[in-house]
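Step one of this worksheet: look at the structure below.
The values are calculated or read from the model by the stated rules, or taken from the named source; none is laboratory data. Treat the numbers as computed from the prediction; the structure is a model and nothing was measured. Neighbour counts run over all protein chains shown; Cβ positions are idealised from the backbone, glycine included. Please note that ligands, DNA and RNA were not included when accessible areas were found on the heavy atoms of the full protein model with its side chains. Shrake-Rupley method; radii C 1.70, N 1.55, O 1.52, S 1.80 Å.
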Amino acid sequence: MFLVESPEPPKPHKDCDVCGALVEERTEAARVGDWSKVTDVNVEIGRHRAGRRRG
């Protein structure tokens, strides 16, 4: 059996309400074992982060 390490989940931006809501959604999905939803939310967080400009 092969074990594959999961990549580090994307980190939310501080003080971002959208990121905060997504983290709560991801936490709840993990709590109930919905790993497909966890993955979907991770993608959404990553895309949301990519859309923000630093500055």
Exercise. Please work out which residue is modelled with the highest pLDDT, limiting yourself to the chain and to residues that are assigned to a loop (DSSP other than H, G, I, E, B), of a type outside the set (Lys, Arg) and surrounded by 11 or more Cβ atoms within 10 Å (Cβ to Cβ).
Key: ASP34
Quiz item: Under 7 Å by Cβ, and 6 or more places apart or on different chains, what pairs join a residue from the stretch 18-33 that is of a type in the set (A, V, I, L, M) with one that is modelled with pLDDT under 95 and open to solvent by 80 Å² or more (accessible area, probe 1.4 Å)?
Solution: LEU22/GLU44
Quiz item: Going through the stretch 5-32 one residue at a time, which ones are among the hydrophobic types (A, V, I, L, M, F, W, C) and within 13 Å of VAL43 (Cα to Cα)?
Solution: CYS19, LEU22, VAL23
Practice problem: Could you figure out which of (1) touching a residue at least 12 places away in the same chain (Cβ under 8 Å); (2) on the phi > 0 side of the Ramachandran plot isn't true of PRO12? | Solution: (2)
